[in-house]
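Below is one structure, written out as structure tokens; comments come after it.
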Amino acid sequence: MTQWGWPRSPRLAAWLAGGICVSVATLAFFGIRATREFERSTQLLGQQRANEGARLLATALTRDMRAAQTAVLPSSAWYAFRSDAPHEVTALVASTFARYPYPDTFLAWDAHEPASRMVFYARSERPPRWAAATADVGRSPVRMLTDPRVAALMVGAIGPDARLGHLYSVFELDVDAVRYQVVIRLRYHDRLGQSLASAYGFMVDLTWVREHYFPELTRQVANIGSNTGLSFGIVDDRGEPVIGNPDPDDTVLVSRRTFSLAFFDPLLVVASQHANAFDLHNWTVLVSGAADPALGAAIRGADIMLGLAAVTSVMLAFGLVMTARAMRTGVELAEMRAEFMSSITHELKTPIASIRAMIDMLTRGRLRQPEDQREYAAVVAQEAKRLERLVNNVLAHARITDVADVYSFEPLDVEELVSGVLRGFKHQLHRSGFRITVDVPPDIPRILADRAALELLLDNLIDNAIRHSRVTKELRIKAVAHAKGVALAISDRGVGIPAEDLGRVTQKFVRGRNAVRGGSGLGLAIVNRIARDHGGRVEIESVLGRGTTVTVVVPVAQTHVATTCDTDSHPVPHTIRHSPL
């Protein structure tokens with residue numbers, strides 16, 4: 001284990017990360033499942049409330065629609081009816097009108113008298129269309145009227161049921177384009193039902209009950225405390241909405257109950273098989289619990305919980321991925337640091353050993369010819385320069401966070417800067433057989449930079465070019481002025497850098513995959529940092545087997561900004577000089 005408790009073994013780290021991922025996935029799975037179960041339970045509760053609401057509305061409609069037939073028509077008060085004394089049943093009709101809104105008109109007829117003597121009891125505030133012209137204008141809630149035409153229709157409709165001895169005659173008929181459902185009680189002189197004594201019943205305007213009765217009764221049921229939040233609707237047998245705007249195909253939290261459009265109890269009525277018989281129309285009550293605010297809040301809460309669980313799982317997974325990447329990066333960094341220490345040790349020992357060997361030969365007097373002494377002295381100077389560059393790189397790396405604090409910016413001549421750096425590599429370039437091309441225009445503007453930092457930058461770039469050139473020994477240095485500053489390009493014909501490594505070689509301890517052995521892995525990182533600290537940038541172009549070009553852009557000095565040529569409109573004349581190195 002490391003100091004922070006992380007495993008050193010990548011395999012063990014992978015197993016640990018995998019175990020944590022499985023744990024998070026398991027936790028997320030059960031969390032999502034629990035949230036879904038909670039949401040499902042909430043929906044079941046809403047469905048149950050919708051079922052109760054639908055059952056309540058269907059029961060209320062059925063009982064209320066049958067009440068006038070079951071509670072009023074069997075009353076013995078109808079026995080006192082006589083066509084010459086029709087007021088005997090007015091009180092009964094008035095009380096029925098007050099209790100039940102759907103009977104439009106009551107009727108009573110003594111079977112011993114002609115049909116024209118049938119008496120109709122209409123509502124004063126809602127007289128039927130066919131009797132509006134003959135309506136009584138009194139203050140009574142009941143208006144008595146006669147209409148031979150309608151009476152003849154009624155007698156003709158009840159005739160077949162009377163001949164069969166039925167207790168009730170139920171039928172539908174149209175009067176002046178208004179559809180009525182009629183329920184009539186038949187009373188006989190004998191128990192066998194062979195002699196009709198009288199008939200009395202009521203008429204229901206089906207258009208009015210559709211527009212007024214069903215909506216009003218539905219609102220009353222919906223206002224009951226336990227039904228708060230439920231949405232009620234009714235559709236007819238053709239699927240057209242009667243109240244509300246329900247979707248019959250909706251299956252989410254919707255309960256359905258059917259009821260018959262019958263203002264009578266079918267169990268008490270024996271249907272006749274004559275022409276006026278009709279089929280019962282089955283309407284549907286639809287009650288939805290989706291509008292329940294408590295249910296909506298619970299579902300939204302479940303959705304929020306599910307979203308939070310998903311976000312938490314994603315964040316944990318992301319954190320684990322980042323942790324795994326950090327662990328892998330840490331392992332790679334440790335390996336790079338170990339390689340760096342190995343390389344830096346080798347790089348330090350090599351020039352020191354060379355210097356000691358050369359000095360030993362000089363001090364023992366083994367070199368008697370002045371030319372040999374100068375040659376060895378040049379090697380010692382070269383190795384000392386190499387050692388100095390290595391030490392400077394290490395020091396620059398040590399203060400990489402505050403390296404800008406030690407800069408001393410001044411205007412620098414580019415040609416002088418390049419020539420001074422190349423002199424330090426004179427012996428090495430000459431011994432290696434390099435062909436050097438320097439392309440620095442004589443009127444190139446000065447740059448604003450720290451001399452030591454720029455020399456270290458060029459030292460690293462030229463040293464890289466020398467070390468990575470194997471077959472073709474060529475070094476090219478070119479300076480170009482443009483609007484953003486002076487671009488210094490150092491090119492070689494070396495091994496090149498793989499395309500996938502171009503974005504990484506400017507990082508500390510990172511070296512190209514085909515880089516030659518040796519080197520600290522700090523050169524390009526320090527070059528990049530120095531360029532950024534000077535307000536410039538580094539661009540690297542490379543082709544495997546054909547060489548690399550590193551371009552460093554450095555701002556010009558303020559005293560030369562006004563006179564710097566814009567190469568886009570006025571090309572700067574270039575002079576190419578071949579170094580004698």
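Key figures for this structure:
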read-out	value
Lys, Arg +1 and Asp, Glu -1 on Cβ, resulting dipole of the range 94-192 about Cα centre, debye, nearest 20	240 debye
By average C-beta atoms within 10 angstrom, highest first, the peptides 531-543, 111-123	111-123, 531-543
Nearest-0.05 FRET efficiency for TRP15 and ALA71, computed from C-beta distance (R0 60 Å)	0.15
Among LEU153, PHE106, VAL175 the positive-end extreme of the charge dipole of the range 104-224 (Cβ point charges)	PHE106
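Only the coordinates and a few stated rules stand behind these numbers; no lab work does. What you see is a predicted model; the values in this text were computed from it and never measured. So basically every Cβ, Gly included, is an ideal-geometry build from the backbone, and we count neighbours across all protein chains shown.
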